[in-house]
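This report refers to the structure that appears directly beneath it.
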Amino acid sequence: MTWIDRTRIEQSVLNMFQVNMGVRKKEKLLVVTDPPLLPHWQGEGSEQVAAMAERALLARIVADIAADNLGDCEVDFFAYPPVAQSGAEPGEEVAARMGAADVVIAITNRSLSHTDARVQACEAGARVASMPGFLTRMFYPDGPMAADYDEVARLSRLFAERLTRASEAVILSRAGTDVALNLKGRDGLADHGLFTRPGDFGNLPAGEAYIAPVEGTGQGKLVVPAGWWHGMTEEMTVLFRDGLVYRVEGGGKVGERLLSLLGLEEGMARNEARCNLAELGIGTNPFARSVESGLEAEKIKGTIHIAMGDNAHMGGTVSTDLHFDMIIPQVDLFLDGEKIIEDGEWLLG
């Protein structure tokens, strides 16, 4: 007996393989995960360890559901030691297994999205769904995996095309965000959730349009309200100059962790690659509602997100071992002076 009810998620898991991943007969399917190790059990809080353990168990159950229902396919499950943070490489064996698969489902605690292992797997033809921080309830009938992914794809592509045409973005919010970004020459991309062609890649749950701003150009102030990052009980302000973070204020323990990751604590040398203003994203999934997981939070319709760190895997030039997303609600978004979103309500679509 486990704390995951397989019967409640089985149909949604099969829909993921059949609709989102377009699984065909005799394909090789791989499910990977990164369960907690002894140092996590000893050094992390019980809530965090429980979430890591449940995620690994969910990955095992997803593999079992595939093996039991997709008999014409070869199903492989692989657990590997977790890395320090999202964007760090998972190791040669993980990369080799991913590159040999037709379909990869990565239900992990640390994201594989911005890694060479993922890129090389896609170059080899694998279709990859990156699902870092995935929660079991996302497979429930009212969760973000239940969205109409044809409609999510339409909206994500619509916003991606508009981002591609834009030269400048300005983001304002009720909380005080005021950021300007140069997008000239960069392509908007759609994380639409339909990964049916060789080399396709994205998140599940999906639902965003995103773009890598031109490095060295982002200016202004980003204000993340309390509650818009899991466990963040006070507002956090991130200040950008010439495309780099130069100050983080507030945010409690989340702010303290971010300061350490970016090398902005007193006496540390700033890690400029991690401080890079890496991404502007627009959430497009109407079934995404919770901020408990950043994976879902960045897909919430009516929000935007800005990330720091790696953008080499989305059309930018900065490669590093960190990609840190921050979600902003109730935004006004202007592209080349045209208001696209007003107080979280779309004016396009």
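Can you name the number of the only condition in (1) in contact with a Leu (Cβ under 8 Å, 6 or more places away or on another chain); (2) outside any helix (DSSP H, G or I); (3) of a type outside the set (A, V, I, L, M) that Pro141 fails?
If we test Pro141 against (1) in contact with a Leu (Cβ under 8 Å, 6 or more places away or on another chain); (2) outside any helix (DSSP H, G or I); (3) of a type outside the set (A, V, I, L, M), just (1) comes out false.
As an exercise: evaluate Thr196 against (1) out of contact with any Leu (no Cβ under 6 Å at 6 or more places or on another chain); (2) more than 22 Å from Phe134 (Cα to Cα); (3) of a type in the set (Val, Ile, Thr) and give the number of the one condition it does not meet.
For Thr196, the failing item is (2).
Which residue is farthest from Leu204 (Cα to Cα), if the candidates are limited to the range 25-52 and must be under 20 Å from the mean Cα position of the chain (by Cα) and in a helix (DSSP H, G or I)?
Gln48
Regarding the range 129-144, can at least one residue be identified that is farther than 29 Å from His230 by Cα and either assigned by TED's automatic domain parsing to the domain that holds Val19 or modelled with pLDDT of 95 or more (or both)? Can you show your working first?
Of the residues in the range 129-144, the ones farther than 29 Å from His230 by Cα are none.
No: zero hits.
Give me the residue from the range 228-251 that is surrounded by fewer than 20 Cβ atoms within 10 Å (Cβ to Cβ), in contact with a strand residue (DSSP E or B) (Cβ under 8 Å, 6 or more places away or on another chain) and free of Cβ contacts under 8 Å to residues at least 24 places away in the same chain and, out of that set, farthest from Ala175 (Cα to Cα).
Across the range 228-251, the extreme among qualifying residues is Arg241.
Restricting attention to strands (runs of 3 or more DSSP E) lying wholly within the range 275-349, give those where 1 or more residues are on the phi < 0 side of the Ramachandran plot and under 15 Å from the mean Cα position of the chain (by Cα). Before you say what the answer is, go through the steps one by one.
Values: elements: 277-283, 304-309, 323-328, 331-335, 338-342.
It comes to 277-283, 304-309, 323-328.
Within the range 167-202, which residues are out of contact with any Cys (no Cβ under 9 Å at 6 or more places or on another chain) and either without any contact (Cβ under 8 Å) to a residue 12 or more places away in the chain or among the small types (Gly, Ala, Ser) (or both)?
The answer is Ser167, Ala169, Ser173, Ala175, Gly176, Ala180, Gly185, Gly188, Ala190, Gly193, Gly202.
What's the total number of residues in the range 89-133 that are in a loop (DSSP other than H, G, I, E, B), among the charged types (D, E, K, R) and buried (at least 23 other Cβ atoms within 10 Å of the Cβ)?
Number satisfying all stated conditions: 0.
Can you spot a residue in the range 258-271 that is touching a residue at least 60 places away in the same chain (Cβ under 8 Å) and of a type outside the set (A, V, I, L, M)?
No: zero hits.
Residues of the range 1-44 being basic (Lys, Arg) and under 25 Å from Glu93 (Cβ atoms), which ones?
Our first condition is that a residue be basic (Lys, Arg); within the range 1-44, this holds for 6, 8, 24-26, 28.
Residues satisfying the conditions are Lys26, Lys28.
Please find, within the range 1-24, the residue that is surrounded by the fewest Cβ atoms within 10 Å (Cβ to Cβ) out of those that are modelled with pLDDT of 95 or more and not in a helix (DSSP H, G or I).
Arg24
For the range 209-221, indicate whether the set of residues that are free of Cβ contacts under 8 Å to residues at least 40 places away in the same chain, in a strand (DSSP E or B) and buried (at least 20 other Cβ atoms within 10 Å of the Cβ) is non-empty.
no
Could you list, in sequence order, the residues of the range 134-165 that are crowded, with 22+ Cβ neighbours inside 10 Å and touching a helix residue (DSSP H, G or I) at 6+ places or on another chain (Cβ under 8 Å)?
Across the range 134-165, the qualifying residues are Phe134, Met138, Phe139, Pro144, Met145, Tyr149.
Looking at the range 331-343, is at least one residue free of Cβ contacts under 8 Å to residues at least 12 places away in the same chain, touching a Leu at 6+ places or on another chain (Cβ under 7 Å), surrounded by fewer than 15 Cβ atoms within 10 Å (Cβ to Cβ) and under 29 Å from Tyr149 (Cα atoms)?
Scanning the range 331-343 turns up at least one residue that is free of Cβ contacts under 8 Å to residues at least 12 places away in the same chain, touching a Leu at 6+ places or on another chain (Cβ under 7 Å), surrounded by fewer than 15 Cβ atoms within 10 Å (Cβ to Cβ) and under 29 Å from Tyr149 (Cα atoms).
Please tell me if Gly185 is touching a Leu at 6+ places or on another chain (Cβ under 7 Å), surrounded by fewer than 23 Cβ atoms within 10 Å (Cβ to Cβ) and part of a loop (DSSP other than H, G, I, E, B).
no
The values are calculated or read from the model by the stated rules, or taken from the named source; none is laboratory data. Small disclaimer: the values here were computed from a predicted structure and weren't measured. So basically every Cβ, Gly included, is an ideal-geometry build from the backbone, and we count neighbours across all protein chains shown.
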